[in-house]
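Report on the structure given below.
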Amino acid sequence: MSLTTRCSRIGTGCGMIETLIGQRYRLKALIGEGGMASVYSALDEKLERKVAIKILHPHLARNNDIRDRFLLEARTVSGLDHPNILRVYDFSGLESEQLWIVMEILHGEDLSEYVKSFPKNRLQFIVAALITREICRALNEAHKLNIVHRDIKPENIMMLQNGQLKLMDFGIAKVHRANATQTGIFMGSPSYMSPEQIRGTDVDARADIYSLSVLFYEILTGQLPFVGKSTAEVINRIMVGRYSAPNLLINELPPPLTQIIQKGLQHHKDERYQSITEMALALDSFLTSVNFRESRIELEEFSLNRTKFEERIAEVLTVPPMATNALPLDSHEPGFKSRIGRYQASYENPAPANSTVLLDESNLPTLPPSSQDMFSPSAGFPVNSENVSRSTPPKETDDKAAGRENKAKSSSNLATMHGNRCKKRRPTMAPLGITTDWKSISLLPEK
């Protein structure tokens, strides 16, 4: 059977097991299949080492644009030599009818699956910061060579069993010196795409910073910042730029991490971190403040002894938490929520100092008596008889005098009844030892 005939059967999954590719790579098992290619584990019979082979689906191999992208991926990754980037060993060449790339084989799981093994599908914030910091290392190597990945997402991050992290799938990467992509072409995973990527305009390293910030948000909170029932709805939310700030979803989240995510998710790229190094330094600053070292070493320890690592995290959490609303969220920031929304959210958690507090009525000081009570006949205040006017009324007829006398008796009875009622209802001043300026009480913080 010719090589062409054997390769034409690629895409049938396990049916290709034991097939020889490129006269040296023996397929051993199907690792996975995607929309563009299938990935197999294989044995390099010349060097006697295990490798992975990514084979483009036959029906796509006839598309010249896709062939060019496949070639670009092979050439791009082959020029990257970094411990956090998947290595490429061999390529079929464009002259071959079937295209394939030979890569190092990895033992682990992608980040999207890795996160699912944790409660609520999210990572503790220190672990999430360490992983994000390691991705920065890989992107820094790519950006130094003017390569923009353009498809940063958990599925393209491999977490190895030893704690090492690998960035994969440069299939839609852009090399600024090349012309493999054109303005106006929509490429990427919508939920992680930057606004300029959605517009199809020219992108640079700051698009990867935006996507990495989306990933950081997701592994930290267990949900994406921009969600919708359709791709169109997700894209619309990204372009509007409104999302719930992560510190509203994770009560104990330190403000520096909220700041890092918000800066990375700025709608205008000029307002984001201007380089991946700048974002990495911000993460390093936070990790140092909580006594964690280089991310590579810490993740290795986390993989070897998770229990001991979690004990260190617990020590950090025993420190009094910083206020979750410490960051000012105004209406011009994408993480903005109305004041009322933030106050309502604070009810579910211990309220920080500058948020609304639900007052306990039993702790309120008793209000002073009203002026009406103070000057009622029952208030106990002496009447100064010297200041009462005693002008002599004009002499009246017997009928008028009798009528006035009856009216006076009626008024006297009413006054007596009113006095008794006030005596019963007069408030008691409880000596709580609280001095309160009643005019300055406000349940909401000042704007």
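The values are calculated or read from the model by the stated rules, or taken from the named source; none is laboratory data. For clarity, every value in this text was computed on a predicted model and none was experimentally measured. Quick reminder, even Gly has a Cβ in these numbers, built from the backbone with ideal geometry, and neighbours come from all protein chains shown.
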If you go through Ile209, Ile172, the only one that is within 23 Å of Ser295 (Cβ to Cβ) and either at pLDDT 90 or above or of a type in the set (Val, Ile, Thr) (or both) is Ile209
Flag for Arg293 being touching a Leu at 6+ places or on another chain (Cβ under 8 Å) and modelled with pLDDT under 95: yes
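Residues being β-branched (Val, Ile, Thr) and in a loop (DSSP other than H, G, I, E, B): count how many of those fall in segment 226-258.
Kept after step one, since they are β-branched (Val, Ile, Thr), are these residues of segment 226-258: 227, 231, 234-235, 238, 240, 250, 258.
Those still in the list that are in a loop (DSSP other than H, G, I, E, B) too: 227, 250.
Residues flagged as β-branched (Val, Ile, Thr) and in a loop (DSSP other than H, G, I, E, B) within segment 226-258 amount to 2.
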Note on segment 257-273: residues surrounded by fewer than 19 Cβ atoms within 10 Å (Cβ to Cβ) and under 26 Å from Ile313 (Cβ atoms) are Gln259, Lys263
Any residue at all in segment 251-270 that's modelled with pLDDT of 95 or more, under 15 Å from Ile131 (Cβ atoms) and not β-branched (Val, Ile, Thr)?
yes
Of (1) touching a strand residue (DSSP E or B) at 6+ places or on another chain (Cβ under 8 Å); (2) free of Cβ contacts under 8 Å to residues at least 12 places away in the same chain; (3) assigned by TED's automatic domain parsing to the domain that holds Gln164, Ile131 fails just (2)
All-but-one check, Gly228 against (1) surrounded by fewer than 20 Cβ atoms within 10 Å (Cβ to Cβ); (2) of a type outside the set (Asp, Glu); (3) closer than 22 Å to Ile131 by Cβ, failing number (3)
For segment 76-98 the number of residues that are farther than 14 Å from Ile53 by Cβ, of a type outside the set (A, V, I, L, M, F, W, C), touching a residue at least 24 places away in the same chain (Cβ under 8 Å) and not in a loop (DSSP other than H, G, I, E, B) is 1
Output for Cβ contacts, cut-off 6 Å, separation at least six or different chains, first residue assigned by TED's automatic domain parsing to the domain that holds Ala207 in segment 147-164, second among the acidic types (Asp, Glu) and part of a loop (DSSP other than H, G, I, E, B), reads Asn156/Asp169
The number of residues in segment 99-136 that are under 30 Å from Asp65 (Cα atoms) and in a helix (DSSP H, G or I) is 4
Scan segment 44-56 and give yes if some residue there is under 18 Å from Arg150 (Cβ atoms) and either at pLDDT below 90 or β-branched (Val, Ile, Thr) (or both), otherwise no. no
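When residues of segment 200-225 are filtered for being assigned to a helix (DSSP H, G or I), under 17 Å from the mean Cα position of the chain (by Cα) and among the aliphatic types (A, V, I, L, M), how many remain?
6
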Those residues of segment 231-256 that are surrounded by 16 or more Cβ atoms within 10 Å (Cβ to Cβ) and among the β-branched types (Val, Ile, Thr) come to a total of 4
Practice item. Say whether the condition of being among the polar types (S, T, N, Q) and in a strand (DSSP E or B) is met by at least one residue in segment 40-63. Key: yes
